[in-house]
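Peer 1: Here it is: the structure, laid out below.
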2 protein chains.
Amino acid sequence: MLENDKITLAIVDDHPVVIEGLQKLLENKEVIRIAGSFTSGNGFLGFLRSNRVDIVLLDITLPDANGLDLCKEIKQLSPSTCVLALSNHSERSIIMQMLQNGASGYLLKNASGEELMNCINEALSGQVTFSREVKEIIARPGVSELKQLPQLTRREKEILHLISDGKTTAGIAEELSLSPLTVETHRRNLLQKFEVKNVAALIKMAAQQGLL
Amino acid sequence: MLENDKITLAIVDDHPVVIEGLQKLLENKEVIRIAGSFTSGNGFLGFLRSNRVDIVLLDITLPDANGLDLCKEIKQLSPSTCVLALSNHSERSIIMQMLQNGASGYLLKNASGEELMNCINEALSGQVTFSREVKEIIARPGVSELKQLPQLTRREKEILHLISDGKTTAGIAEELSLSPLTVETHRRNLLQKFEVKNVAALIKMAAQQGLL
DNA sequence: TTTCATCTACCGGTTTTCCGGTATATTCGC
DNA sequence: GCGAATATACCGGAAAACCGGTAGATGAAA
């Protein structure tokens, strides 16, 4: 196979041992060319600016940045590059955040070589992919995610949205053709229902419950 | 196979035609028993209160509630029940929200019968599962998700967090042993960097960027 | 060493939010 | 038809946020 037809793969991991292990695992694959290995986020970003990379195996823990932000930067710089997170972090929130930031998949480091190859292929075909353990983590949401949100009336939801858009009570009142005093009342009811004492905490809760 | 050993499955969809189609597709499966079909969320919730359901195929569009909230309620009522979303909605945000609310998987309605069976099995084994098209949607995040967030200093991130916890300027100042006036300044810088005019909009943006 | 970013701190004033109440009209389910 | 929930509206006062400035201290990079 011509060198140029091979899949170009990069590795970013602060642990040199891990890099070596991955290289050993991948170097005998016909279709893959390891374009580079990096122990820092900035090192890789520099490389990416002048080289094509089809897929990158990215650790979360890095010396100069965190993998979450780095993933986002990679996708901005080169949207066609697949980011496959490869990490020890098994927190559901981190996995979801990684997806939100544009990752094509997530593997825990205990995944087998076979699993890794499967995931690489699936990611390159444009689909998200996870190692088995990660699939189980995602399917098992914590209690906090499911905690009941106060039930809001239609008007309250409406006003909540407008508040989150940065509108003031007066502005909302005008937009809805209501008395500012009425909007005030709804606002207060929102604070009560969420058991918070100002809009900052209100919006945070609402956002975490996916209400915005 | 004994009736009691079969997997109990329920269908919730406001479209009777879809229910019939799914029933036809599943009725000849040895391992599955269709425990009930419902066209409303409340109908199913009532059933779930007194019957075991291993897995439910859940539509998003429902007459009396939306599938997102319903999914959350189902998982609260019966955490062991797998929820497989089966919908026409192909928006990434809805898929992610559904996962956040405890779904074990997501299929678009154009998925094949074979895909459906695979997903049911994978979900029952405790792993998340998606139809092929959904995997592609997840792997393709929108530009909005990746838009660059303002570069925040350590102090600013710290204060942003405290604000989102509902703390006041005075409270934050005390907690960090700073002058309230200093905290004020940081707060103003945050509003400027995010180009918003109050904390409500600030927290919304920060939450959407996963900063909280 | 100089420059740049950040952190710190202050003044004075305006706007908005927050909180303690109270109260009537409407709408929806039983 | 009758509650219960919801939506509407008001008062007054205290607290907090927001805004437009300015400016010294610190620390790291060039």
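Peer 1: Pairs, please: C-beta under 6 Å, at least 6 apart or cross-chain, first residue of a type in the set (A, V, I, L, M, F, W, C) and in region B:169-196, second open to solvent by 50 Å² or more (accessible area, probe 1.4 Å) and within 12 Å of DNA strand C (Cβ to nearest atom)?
Peer 2: B:A170/B:P180; B:A173/B:P180
Peer 1: Identify, please: which residue in region B:145-165 is open to solvent by 70 Å² or more (accessible area, probe 1.4 Å) and under 26 Å from the mean Cα position of the chain (by Cα) and is, among those, farthest from DNA strand C (Cβ to nearest atom)?
Peer 2: B:K147
Peer 1: Looking only at region A:166-212, count how many residues are open to solvent by 50 Å² or more (accessible area, probe 1.4 Å), within 11 Å of DNA strand C (Cβ to nearest atom) and within 14 Å of chain B (Cβ to nearest Cβ).
Peer 2: The number of residues fulfilling the criteria is 6.
Peer 1: Also, I was wondering about something else. Of everything in region A:152-165 that's in contact (Cβ under 8 Å) with a residue 24 or more places away in the chain and within 12 Å of DNA strand D (Cβ to nearest atom), which residue is nearest to the other protein chains (Cβ to nearest Cβ)? Give the derivation first.
Peer 2: The initial filter retains those residues of region A:152-165 that are in contact (Cβ under 8 Å) with a residue 24 or more places away in the chain, namely A:152, A:155-157, A:159-161, A:163-164.
Then drop every residue that is not within 12 Å of DNA strand D (Cβ to nearest atom), which leaves A:152, A:155-157, A:159-160, A:163.
Details: A:L152: 11, A:R155: 17, A:E156: 15, A:K157: 12, A:I159: 11, A:L160: 10, A:I163: 5 Å.
The selected residue is A:I163.
Peer 1: Here is a further query. Taking the options A:F44, A:F38, name whichever one is open to solvent by 30 Å² or more (accessible area, probe 1.4 Å) and either within 13 Å of chain B (Cβ to nearest Cβ) or modelled with pLDDT of 90 or more (or both).
Peer 2: Working: A:F44 fails: open to solvent by 30 Å² or more (accessible area, probe 1.4 Å).
From the options A:F44, A:F38, the qualifying one is A:F38.
Peer 1: Okay, moving on. How many of the residues in region B:126-140 are facing another protein chain (nearest Cβ under 7 Å), open to solvent by less than 40 Å² (accessible area, probe 1.4 Å) and within 16 Å of the chain's Cα centre (by Cα)?
Peer 2: Qualifying residue count, region B:126-140: 3.
Peer 1: I've got another one for you. Looking only at region A:103-114, which residues are open to solvent by 10 Å² or more (accessible area, probe 1.4 Å) and within 13 Å of another protein chain (Cβ to nearest Cβ)?
Peer 2: none
Peer 1: Please go through region B:90-102 and give me each residue that is touching a residue at least 12 places away in the same chain (Cβ under 8 Å), more than 8 Å from chain A (Cβ to nearest Cβ) and either within 11 Å of the chain's Cα centre (by Cα) or surrounded by 19 or more Cβ atoms within 10 Å (Cβ to Cβ) (or both), ordered by number.
Peer 2: Listed by number, the residues that qualify are B:R92, B:I94, B:I95, B:M98.
Peer 1: Consider B:S112 carefully, then state whether it is more than 16 Å from DNA strand D (Cβ to nearest atom), in contact (Cβ under 8 Å) with a residue 24 or more places away in the chain and polar (S, T, N, Q). Spell out the reasoning first.
Peer 2: Working: more than 16 Å from DNA strand D (Cβ to nearest atom): yes; in contact (Cβ under 8 Å) with a residue 24 or more places away in the chain: no; polar (S, T, N, Q): yes.
For B:S112, the condition - more than 16 Å from DNA strand D (Cβ to nearest atom), in contact (Cβ under 8 Å) with a residue 24 or more places away in the chain and polar (S, T, N, Q) - is not met.
The values are calculated or read from the model by the stated rules, or taken from the named source; none is laboratory data. Computed from a predicted model, the values in this text were never measured in an experiment. Neighbour counts are summed over all protein chains in view; Cβ atoms, including those assigned to glycine, are modelled from backbone coordinates with ideal geometry. Just the protein is used for accessible areas: all its heavy atoms, side chains included, with ligands, DNA and RNA removed. Shrake-Rupley method; radii C 1.70, N 1.55, O 1.52, S 1.80 Å.
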